[in-house]
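The values are calculated or read from the model by the stated rules, or taken from the named source; none is laboratory data. What you see is a predicted model, and the numbers here were worked out from it, not measured in a lab. The area values use the complete protein model at the heavy-atom level, side chains included, leaving out ligands, DNA and RNA. Shrake-Rupley method; radii C 1.70, N 1.55, O 1.52, S 1.80 Å.
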Amino acid sequence: MTKTAVYYPKGVCSQRYEITVTDGKIEKLDVVGGCNGNLKGIAGLVEGMEVKEAIHRMEGITCGFKTTSCPDQISKALREML
């Protein structure tokens with residue numbers, strides 16, 4: 001089963017995530033805004049990964065003085081998709 005969702009992160013520089021999940025694995029992650037190179041790298045690393053594993057690895061990561069980060073927001077988006 002394939003599911004695609006759009007998520008609007010809060011408290012970070014990125015503006016929108018479009019995530020496609022197929023059979024429990026992240027098929028595609030597109031990010032608008034934020035630190036382009038870093039987010040392309042994160043997308044490349046999580047594509048093909050089990051959703052629960054990606055959540056486990058990224059949840060709770062902070063960015064500087066912020067209480068969240070782009071990876072943390074991606075984990076929140078994935079959690080909403082479960």
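In Å and whole numbers, how far do the C-alpha atoms of the chain stretch along each principal axis, longest first?
Between the extreme Cα coordinates on each principal axis of the chain lie 38, 22, 20 Å.
Probe of 1.4 angstrom, ligands and nucleic acids ignored: what's the accessible area per residue over the chain, in square angstrom?
61 Å²
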